[in-house]
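Enquirer: Shown below is the structure under consideration.
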Amino acid sequence: MTLTFHIRPANVDDVDAMLKLVQDLATYENEPESARATPALFRENIFEKKYAHTLLAFDGTPEVPGIALGMALYFFNFSTWTGKPGLFLEDLYVSPDARNKGIGKALFAELGKVAQEKGCARLDWSVLKWNTPSIAFYEKKLEAQAMEEWMGMRLEEQGIENLQKFAVHAA
């Protein structure tokens with residue numbers, strides 16, 4: 001059966017749908033307790049401060065939208081090597097019942113349009129090493145290349161706070 005869906009940029013009224021998809025993603029990644037975002041944080045940081053942007057896929061048509069089936073949350077970075085912005089895909093998620101129906105490809109197509117409109121030299125994202133279905137999709141369907149020489153690094157809130165020990169203090 002063919003699924004009718006459409007994709008559009010998220011707006012502040014979509015916060016609950018976005019958080020539901022984020023929680024579903026966290027559950028899929030076996031870390032439901034790690035998804036601590038709140039409606040207030042999404043409203044402030046995505047829609048007011050515009051630190052990130054979100055595309056949502058809904059079943060139905062733009063005139064008669066249904067439920068959110070998938071999302072792509074992204075932000076812009078900058079490459080010193082290319083001298084151009086890049087688009088970093090933080091999360092892409094499609095609900096299990098809606099997978100293999102073209103939603104992931106359509107979300108990537110929309111991301112590609114955004115990247116081209118903004119003059120981005122790169123579109124980057126990370127994938128968990130155990131997520132072989134997604135890796136296969138990225139490599140076979142999108143023809144993406146794994147960044148074998150790069151390893152992701154992270155500091156969380158306490159680690160960021162600890163950086164202050166390196167601060168230079170004026171005498």
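Enquirer: Residues that are open to solvent by 50 Å² or more (accessible area, probe 1.4 Å), modelled with pLDDT of 95 or more, farther than 16 Å from Phe75 by Cβ and part of a helix (DSSP H, G or I): does the range 116-130 have at least one?
Expert: yes
Enquirer: A follow-up question, please. Please count how many residues of the range 8-28 are of a type in the set (Asp, Glu) and open to solvent by 60 Å² or more (accessible area, probe 1.4 Å).
Expert: Adding up the residues that qualify gives 2.
Enquirer: Can you name the residue in the range 71-81 that is free of Cβ contacts under 8 Å to residues at least 60 places away in the same chain and assigned to a strand (DSSP E or B) and, of all such residues, is most open to solvent (accessible area, probe 1.4 Å)?
Expert: Phe78
Enquirer: Filter the range 136-171 down to the residues that are under 30 Å from Arg36 (Cα atoms), part of a loop (DSSP other than H, G, I, E, B) and more than 25 Å from the chain's Cα centre (by Cα) and list them by number.
Expert: Across the range 136-171, the qualifying residue is only Ala167.
Enquirer: Within the range 12-27, identify whether any single residue is within 17 Å of the chain's Cα centre (by Cα) and in a loop (DSSP other than H, G, I, E, B), and answer yes or no.
Expert: no
Enquirer: Out of all the residues in the range 82-113, which are free of Cβ contacts under 8 Å to residues at least 60 places away in the same chain and β-branched (Val, Ile, Thr)?
Expert: Result: Thr82, Val94.
Enquirer: Residue by residue through the range 82-92, note down the ones that are open to solvent by 70 Å² or more (accessible area, probe 1.4 Å) and closer than 12 Å to Lys118 by Cβ.
Expert: Lys84
Enquirer: Continuing with the same structure: Kindly indicate whether Thr2 is open to solvent by less than 40 Å² (accessible area, probe 1.4 Å) and among the polar types (S, T, N, Q).
Expert: Considered against the rule, which asks whether it is open to solvent by less than 40 Å² (accessible area, probe 1.4 Å) and among the polar types (S, T, N, Q), Thr2 comes out as no.
Enquirer: Return only the number of the condition from (1) more than 25 Å from Trp130 (Cβ to Cβ); (2) open to solvent by less than 70 Å² (accessible area, probe 1.4 Å) that Arg43 does not satisfy.
Expert: Of everything listed in (1) more than 25 Å from Trp130 (Cβ to Cβ); (2) open to solvent by less than 70 Å² (accessible area, probe 1.4 Å), Arg43 misses just condition (2).
Enquirer: Consider Ser95 against the criteria (1) open to solvent by less than 70 Å² (accessible area, probe 1.4 Å); (2) touching a His at 6+ places or on another chain (Cβ under 6 Å): it satisfies all of them except one. Which criterion is unmet?
Expert: Every listed condition holds for Ser95 apart from (2).
Enquirer: Do we find a residue being in a loop (DSSP other than H, G, I, E, B), open to solvent by less than 20 Å² (accessible area, probe 1.4 Å) and either closer than 20 Å to Val114 by Cα or among the polar types (S, T, N, Q) (or both) anywhere in the range 29-40?
Expert: No, the range 29-40 contains no residue that is in a loop (DSSP other than H, G, I, E, B), open to solvent by less than 20 Å² (accessible area, probe 1.4 Å) and either closer than 20 Å to Val114 by Cα or among the polar types (S, T, N, Q) (or both).
Enquirer: If you don't mind, there's one more thing I want to ask. Across the range 48-70, what is the total count of residues that are free of Cβ contacts under 8 Å to residues at least 40 places away in the same chain and not aliphatic (A, V, I, L, M)?
Expert: Total satisfying the criteria: 6.
Enquirer: Looking only at the range 131-142, count how many residues are among the polar types (S, T, N, Q) and either open to solvent by 60 Å² or more (accessible area, probe 1.4 Å) or closer than 11 Å to Phe76 by Cα (or both).
Expert: Result for the range 131-142: 1.
The values are calculated or read from the model by the stated rules, or taken from the named source; none is laboratory data. Keep in mind that this is a model prediction, so the values were computed, not measured. Here Cβ is always computed from backbone atoms with ideal geometry, including for glycine, and neighbour counts include all displayed protein chains. Side chains are part of the model used for accessible areas, which takes the heavy atoms of the whole protein and leaves out ligands, DNA and RNA. Shrake-Rupley method; radii C 1.70, N 1.55, O 1.52, S 1.80 Å.
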